[in-house]
Structures are given as structure tokens and as C-alpha cells.
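Here's the structure we're looking at; comments come further down.
Bear in mind that the values in this text are calculations on the coordinates, not laboratory data. Computed from a predicted structure; not experimentally measured. Ideal geometry is used to build each Cβ from the backbone, glycine not excepted, and the neighbour counts take in all protein chains shown.
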Amino acid sequence: AAGRGAWRSPGSPPGWGTNGVMVPSRRVMATQDPIMGPETSRSYATWQNEPMSPPLLAGLLAGWTVLDLTDHRGDVGPYVLAELGADVIKVEQPPHGDPMRAQSPRKNRRSGSFIQQNRGKRSLCVDLSQPEGVALVRSLVPHVDIVVENFTPGVMARRGLGYEDLSALNPKLIM
């Protein structure tokens, strides 16, 4: 189906694809922000009177699984991998998960910043300071292709989650 709505989610604003990525533009029009609602309007680029197509690189990493051990300062790398089609599993720290969950601006009790940087990811809360948490993460490693982390150098190795430890569990691991 090559119609205008072929790549749009039902109810999504014009110009937004199924995965929330803007399509290339020829004309700028004001529309409601899909996350923040009508109280914040921005200008978004949209195609006019032409079929919409999926993002150029969508699905490039389909079939790859990523274990995201980053905190809020490292969300962009795994976010890009998710946008390229990878299955990203974000590991958040207890008791409240990623600190970005509480950041403003908020809409319907959800942080717009958190949604933007973590859309397309699955998540679980694991205490990496406990042996049970480390064991859980180690049990996931044989089932993933890529591990992304942004801890201070040496922290992951001290926890038994360094490259040497994890590559012994999965020799094809990219970290």
C-alpha cells in the first residue's frame, strides 16, 4: 500500500512514521507534539501529497539483540541501535530505575525526555551491586549480540561483567 498512511500509526500526527521517526521534509507545518500534547507546539517537517516511506536505515539491525547497561548519560547509543531495528534490553538500577523517568517536562506522569531516549527499548530493573543481579545479567549475555555500558573504567570488571568475563560466556559478543 503506497498511500499516505502506509507507514503511519493510527492517530499519529502527519509526518510521523510508525516508529516515531520524522520523515524527510519539503514543507514545515505546525502540529501538536505527540508526547507533550497541545500545550507545547513545535514545527515539524512533513511530506505533502506524497507517499510516506520508512526511514532509510530502518531494520538494518533487525535480529540483533542489545543489552543496554548505560545510565541516563549513555542512552543515545542504544537509542540509535533501537531505531535501526535492534531489540534493546535496558537494565535500570533500583529502586526507581533510570533517573530520567522523573525528569520534566512531563505529560500523563511520564517524562518526555525518558520516552524520547528510550522508545523502542524493553527494560528491567536489576541491582548490579548484588551477586544475584550480576548473575541475572550474566545469564542474559549468551542471548545478546551487543553489550553497551558507560561505567567508569574498571567498574564492570570488578563486578565480573568486564569484556573478558562476558566474552567467555559469548565469544561473538560486541562490547
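Given charges of +1 on the Cβ of Lys and Arg and -1 on the Cβ of Asp and Glu, with all other atoms neutral, how large is the dipole of segment 105-175 about its Cα centre, in debye to the nearest 20?
It works out to roughly 640 debye.
Starting from the Cα of R110, step 7 Å along the direction of its Cβ; do the same at R122; then give the gap between the two resulting points in nm.
Between R110 and R122, the simple spin-label model gives 1.8 nm.
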